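Here the structure is laid out as structure tokens; the discussion comes afterwards.
The values are calculated or read from the model by the stated rules, or taken from the named source; none is laboratory data. Note that the structure is predicted; figures quoted are calculated from it, not measured. All Cβ positions, glycine included, derive from the backbone under ideal geometry; neighbour counts span all protein chains shown. Note: areas computed on protein heavy atoms with side chains; ligands, DNA, RNA excluded. Shrake-Rupley method; radii C 1.70, N 1.55, O 1.52, S 1.80 Å.
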Amino acid sequence: MAGVDVNSTSKLELFISCRGLANMDTFSKSDPCVEVYQMINNAWIPIGRTEIIWNNLNPDFTKTFIVEYFFEEIQQLMFKVYDVDNVTPTLADDDFIGQATCTIGEIAGSRGQVVMKPLYRANDSNTRGTLIARAEEVTSCREQAAISLKGTHIENVAGFFSKSDPFLVISRSREDGSWVPVYQTPPARSNLNPVWPTIQITVQKLCNGDHNRPLQLEVFDHKRNGEHVFIGRAQASLNDMRALGCVKLINPEKKAKKGKSYDNSGVINFARCDVVRYPTFVEYLQGGCELSLIVAIDFTSSNGDPNLPNSLHFRNPYGPNEYELAINAVGNILSDYDSDKKFPVFGFGGKVQGAVSHCFPLTFDPRNVEVDGVAGICGVYRRALDHVLLSGPTVFGPIMQAGIQYAMQHSTQQSQKYTILLILTDGVIHDMSATIDSIVQASGLPLSVVIVGVGEADFSQMVVLDADTTPLVDSHGRQMYRDIVQFVPFRSVANHPARLAKEVLAEIPEQLLSYMRVRNILPNPPLQTTLPIEPVLYPSVGQMPQPTQQFIVVGAPAGGPTLMSQPTAPSLDPSPAAPPSY
């Protein structure tokens with residue numbers, strides 16, 4: 001019998017809905033939002049948050065979540081539903097409606113991959129509504145769609161003295177015949193011939209990579225109380241949008257009532273429908289895009305006295321402390337992508353020569369802030385503990401500005417560069433407003449920020465900076481151009497190298513791609529690689545260099561390889577660099 005290749009790992013896209021939610025408001029309806037958590041290493045880790053749907057007790061959220069499904073593992077999920085009462089980024093000050101739990105396997109194994117769970121609150125046996133989670137396996141697709149839709153002669157259902165405020169909802173079909181919403185336009189106020197903003201959406205989210213999958217276009221008249229009035233619907237696939245000029249909106253009830261006298265409730269025109277394949281992260285790396293890593297370490301007093309065993313900075317003579325564990329684990333992941341393996345390393349929140357500094361080089365030489373490799377980071381960190389007095393408060397602004405200065409060398413088509421700022425910290429920051437201002441400023445630059453939380457402090461502010469669901473807005477009212485921050489609580493994934501790597505690297509590829517797309521920078525052609533024709537002889541310490549060898553250029557034109565002269569590996573320096581004088 002022939003062998004079967006069984007792959008028990010896949011990615012699922014989760015669609016969230018609720019029905020019959022408890023109403024937490026007196027004069028209106030709840031404004032629900034769902035926060036999704038996954039159990040990782042015995043801790044609930046937030047993986048994302050839906051959008052808010054105003055005045056609606058039966059919401060269908062368009063925000064979806066991609067999760068990895070491992071058949072052989074029990075992967076627990078928790079869904080917390082809130083009634084949002086304000087515009088603060090945290091949900092702690094909003095009304096908690098209820099929560100439900102299930103496993104990813106339970107969703108994957110359910111009929112139609114749909115589970116319905118009652119929502120409960122602690123010490124309350126009364127149900128607070130129903131949570132519905134639907135899943136579909138994700139198809140790999142690197143295409144982006146830009147769709148411009150215009151409505152003409154949309155039926156006015158707002159009465160004689162006003163006009164409808166039409167908005168459009170796009171849903172994709174599932175194998176069981178149901179529909180799940182994937183996009184919603186803003187309403188066009190008092191406009192029966194609306195031109196909605198161009199829709200930018202991945203083809204994976206729109207139709208899971210299937211250009212012929214039916215899509216449902218529904219138009220509603222927007223009502224502030226959430227009781228939107230249905231106007232009409234039509235169906236069209238992505239291919240239809242590219243081939244057809246328009247589709248008619250049909251209201252089945254009116255069609256049944258009026259019969260042949262009914263034609264339509266408006267027309268949706270496909271003014272534009274472009275589908276492009278966007279480049280991958282690897283294609284930029286192959287084309288020579290240079291990644292540079294900057295490291296910043298927290299030297300505030302909240303870490304504890306380095307001479308005491310309970311300190312996160314403890315000078316442990318028998319092994320690494322928690323900061324060194326994080327530096328080694330996270331640094332070794334990110335260093336693989338650094339072009340020259342030379343890292344600027346800074347500290348913040350410590351006293352240097354009697355004065356508190358929120359950005360100082362751990363080499364203590366402003367003219368030479370770089371060290372070699374992850375071992376070099378650990379070396380200057382350990383030596384700095386002997387010369388820096390822990391102080392405070394925890395301030396990110398100056399460190400962010402240092403990262404901005406490095407990233408100010410904008411990437412161009414010819415010279416592609418991208419900077420990653422790694423911040424290791426133990427807790428709450430004291431300059432939230434200034435930090436947000438810096439992040440918004442940096443969001444237009446080739447920069448990503450990875451914040452690793454060390455210890456067990458309250459990291460709720462870091463989740464706000466992560467801004468996966470709510471874009472940051474600075475003190476001048478400017479919204480961030482793109483999400484550039486990734487927060488990782490180190491202890492929750494420290495003992496799981498694969499999950500640690502996933503958490504650290506999860507958003508960097510898309511952040512780089514989003515910057516390149518905004519700047520219209522494409523990958524350069526893959527760099528040619530030279531391979532030796534003869535075996536490479538590496539000299540031992542103190543040995544003279546070997547004679548010049550010949551190398552073959554991979555990808556050389558037909559007619560034979562191109563030969564080029566290149567010296568062998570340089571001799572090794574037997575004496576490591578002396579430590580800096582303080």
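Observations
- Condition met for residue 223 (farther than 20 Å from residue 184 by Cα and surrounded by fewer than 16 Cβ atoms within 10 Å (Cβ to Cβ)): no
- Checking each residue in the range 438-469 for being assigned to a loop (DSSP other than H, G, I, E, B), over 18 Å from residue 509 (Cβ atoms) and of a type in the set (Gly, Ala, Ser) picks out 444, 455, 457.
- Meeting the requirement of 1 or more residues that are of a type in the set (Gly, Ala, Ser) and surrounded by 15 or more Cβ atoms within 10 Å (Cβ to Cβ), the strands (runs of 3 or more DSSP E) wholly within the range 67-130 are 95-103.
- For the range 39-70, the tally of residues that are free of Cβ contacts under 8 Å to residues at least 40 places away in the same chain and either touching a Leu at 6+ places or on another chain (Cβ under 7 Å) or under 14 Å from residue 489 (Cα atoms) (or both) stands at 4.
- Qualifying residue in the range 393-410 (condition: small (Gly, Ala, Ser) and farther than 30 Å from residue 519 by Cβ): no
- Meets criteria (open to solvent by 20 Å² or more (accessible area, probe 1.4 Å), farther than 26 Å from residue 15 by Cβ and in contact (Cβ under 8 Å) with a residue 12 or more places away in the chain) for residue 152: yes
- Boolean, residue 195 is more than 20 Å from residue 18 (Cβ to Cβ), out of contact with any His (no Cβ under 8 Å at 6 or more places or on another chain), at pLDDT below 95 and not small (Gly, Ala, Ser): no
- Matching residues, the range 199-220, being open to solvent by 60 Å² or more (accessible area, probe 1.4 Å) and in a loop (DSSP other than H, G, I, E, B): 210, 212
- Qualifying positions in the range 252-293 - hydroxyl-bearing (Ser, Thr, Tyr), over 30 Å from residue 409 (Cα atoms) and open to solvent by less than 50 Å² (accessible area, probe 1.4 Å): 262, 265
- Qualifying position, being without any contact (Cβ under 8 Å) to a residue 24 or more places away in the chain and either under 27 Å from residue 404 (Cβ atoms) or exposed (fewer than 14 other Cβ atoms within 10 Å of the Cβ) (or both), among 332, 316, 321: 316
- Only residues that are touching a strand residue (DSSP E or B) at 6+ places or on another chain (Cβ under 6 Å) and outside any strand (DSSP E or B) were counted in the range 131-152, giving 2.
- Scanning the range 226-237 for residues that are out of contact with any helix residue (DSSP H, G or I) (no Cβ under 9 Å at 6 or more places or on another chain), within 12 Å of residue 170 (Cβ to Cβ) and open to solvent by less than 30 Å² (accessible area, probe 1.4 Å) yields 234, 236.
- For residue 515, the conditions (1) touching a strand residue (DSSP E or B) at 6+ places or on another chain (Cβ under 8 Å); (2) modelled with pLDDT of 60 or more; (3) of a type in the set (Phe, Trp, Tyr); (4) not in a helix (DSSP H, G or I) are fulfilled apart from (4).
- Positions within the range 251-297 being part of a loop (DSSP other than H, G, I, E, B) and at pLDDT below 90, in sequence order: 278, 279, 280, 287, 288, 289
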